[in-house]
1. Suppose the filter is over 20 Å from D49 (Cβ atoms) and either touching a residue at least 40 places away in the same chain (Cβ under 8 Å) or out of contact with any strand residue (DSSP E or B) (no Cβ under 6 Å at 6 or more places or on another chain) (or both); does L123 pass it?
2. Only one residue in N29, N77, N52 is of a type outside the set (G, A, S) and within 30 Å of R144 (Cα to Cα), so which one is that?
3. Can you pull out every residue in the stretch 67-114 that is of a type in the set (D, E) and under 29 Å from F3 (Cβ atoms)?
4. Quickly run through the stretch 1-53 and pick out the residues that are in contact with a Pro (Cβ under 8 Å, 6 or more places away or on another chain) and farther than 20 Å from H79 by Cα.
5. In the stretch 70-115, what residues are surrounded by fewer than 18 Cβ atoms within 10 Å (Cβ to Cβ), among the aromatic types (F, W, Y) and either farther than 20 Å from N37 by Cβ or out of contact with any Lys or Arg (no Cβ under 7 Å at 6 or more places or on another chain) (or both)?
6. For the stretch 116-145, how many residues meet the condition of being surrounded by fewer than 16 Cβ atoms within 10 Å (Cβ to Cβ) and closer than 16 Å to S164 by Cα?
7. When R89 is evaluated against the numbered criteria (1) more than 15 Å from Y11 (Cα to Cα); (2) in contact with a Leu (Cβ under 9 Å, 6 or more places away or on another chain); (3) not β-branched (V, I, T), which criterion, by number, is the only one it fails?
8. Can you pull out the residues in the stretch 8-56 that are of a type in the set (F, W, Y) and free of Cβ contacts under 8 Å to residues at least 40 places away in the same chain?
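The values are calculated or read from the model by the stated rules, or taken from the named source; none is laboratory data. No experiment lies behind these values; they were computed from the predicted model shown. Please note: Cβ atoms are built from the backbone with ideal geometry, for glycine as well, and neighbour counts cover all protein chains shown.
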Amino acid sequence: MNFYQGVVLEYLRADRSIFVNEECCIQLNAGSNPDQNGPHWYCDALACDFKNHTVFLCEITYSSSLAALVKRLKDWNDHWDMLREALVRDSSVPKDWIVRPWIFVPEHLISLLLRRLDQLGGLAGLKFKPRLTTLEMVQPWRYRSWDRQGEDAKPEAIPPEMQS
């Protein structure tokens, strides 16, 4: 776990309708050992938002290249239907819930992330609608810890469809 992962987890937990599973294994094929049963990923956090019936696949990075994050998003996009089936099968996610990646990156990397997403076909070409929050926003002094109300508005560089 990297340092910011813990900060993001506390940010997620500050919304009392969200429950978090850290380092959640998502394996496409059923089986007892993900290392022997095909493609799988350890998602930084699986956040279940009971109020909005949404499951967020949270990924946290401050890598200046965003290469690993973009590869993960591409892999998820390529296997989206199987990934959703795996969440229903292994994590008991209700079939009718929305599933979205929630990406946490430093503010100065937003434009790079958007360019990399364009290389994957842009937001319209993805099978999911990612949500984006900057790491600067998750600092504990920027929101109330018991209900996450009063947090700052997201930077204008984040497209509206990725803000909530």
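1. So L123 fits the description; yes.
2. Working: N29 fails: within 30 Å of R144 (Cα to Cα); N77 fails: within 30 Å of R144 (Cα to Cα).
Testing whether each residue is of a type outside the set (G, A, S) and within 30 Å of R144 (Cα to Cα) leaves just N52.
3. Keep residues of the stretch 67-114 that are of a type in the set (D, E), which gives 75, 78, 81, 85, 90, 96, 107.
Within the stretch 67-114, D75, D90, E107 meet the criteria.
4. Listed by number, the residues that qualify are V7, E10, Y11, H53.
5. Of everything in the stretch 70-115, just one residue is surrounded by fewer than 18 Cβ atoms within 10 Å (Cβ to Cβ), among the aromatic types (F, W, Y) and either farther than 20 Å from N37 by Cβ or out of contact with any Lys or Arg (no Cβ under 7 Å at 6 or more places or on another chain) (or both), namely W97.
6. Here the count works out to 2.
7. (2)
8. Of the residues in the stretch 8-56, the ones of a type in the set (F, W, Y) are 11, 19, 41-42, 50, 56.
F19, W41, Y42, F50 - these are the residues of the stretch 8-56 that are of a type in the set (F, W, Y) and free of Cβ contacts under 8 Å to residues at least 40 places away in the same chain.
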